[in-house]
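Structure first, commentary second.
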Amino acid sequence: MKQKDVICVVCPNSCAITVKQMPDGKLLMEGQGCKRGEQYASDEFLAPKRTLATTVRIKGAFIPLLPVRSSVPVPKERLNDILDLLARIEVQAPFKCGSVVVQNVLGLGADIIATRTLGVDTCAKVACELR
Ligand code: SF4
């Protein structure tokens with residue numbers, strides 16, 4: 001019998017839930033305080049997902065990194081694959097908050113979107129025009 005202990009993060013109660021999978025595949029749970037926690041623990045047991053938040057390189061802005069996140073949670077076991085892909089990406093300023101950086105990343109049904117607006121670095125532009 002497979003078993004996993006899960007701390008529910010859906011609300012501040014942080015219930016400690018034990019999930020057991022019976023030989024027929026059915027899940028048994030102990031410790032959940034509500035139905036939402038049951039769903040969370042079931043997802044964590046069968047296919048854990050996370051919202052990815054990271055940065056990608058940006059050219060021409062006043063800071064070198066653009067904060068991004070996944071539009072929906074992605075499978076936990078694919079997080080490193082997505083990070084490897086994003087490490088090879090560089091976008092060009094200006095970039096608007098909410099704009100898509102990568103559409104349908106790795107075919108997982110999630111977009112990578114900017115979580116900050118970054119304009120063109122006017123200091124760099126002026127310096128460039130003075131050359
Ligand atoms: S099981 Fe329900 S009550 Fe417990 S932490 Fe999760 S959401 Fe909150």
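The values are calculated or read from the model by the stated rules, or taken from the named source; none is laboratory data. Nothing here was measured: the structure is a model prediction, and the numbers come from that model. Methodologically, a virtual Cβ is constructed for each residue, glycine included, from the backbone with ideal geometry; neighbour enumeration extends over all protein chains shown.
Do you know which residues across the stretch 88-114 are part of a loop (DSSP other than H, G, I, E, B) and surrounded by fewer than 14 Cβ atoms within 10 Å (Cβ to Cβ)?
Of everything in the stretch 88-114, those that are part of a loop (DSSP other than H, G, I, E, B) and surrounded by fewer than 14 Cβ atoms within 10 Å (Cβ to Cβ) turn out to be R88, K96, C97, G98, Q103, N104, G109.
With a cut-off of at least 1 residues that are of a type outside the set (S, T, N, Q), closer than 30 Å to S99 by Cβ and assigned by TED's automatic domain parsing to the domain that holds E77, name the strands (runs of 3 or more DSSP E) lying wholly within the stretch 1-59.
Numbers: elements: 2-7, 16-21, 27-30, 53-59.
Those strands (runs of 3 or more DSSP E) span 53-59.
Select from the stretch 2-37 the residues that are without any contact (Cβ under 8 Å) to a residue 12 or more places away in the chain, within 11 Å of the ligand (Cβ to nearest atom) and touching a strand residue (DSSP E or B) at 6+ places or on another chain (Cβ under 8 Å) and write down the one among them that is farthest from R78 (Cα to Cα).
S14
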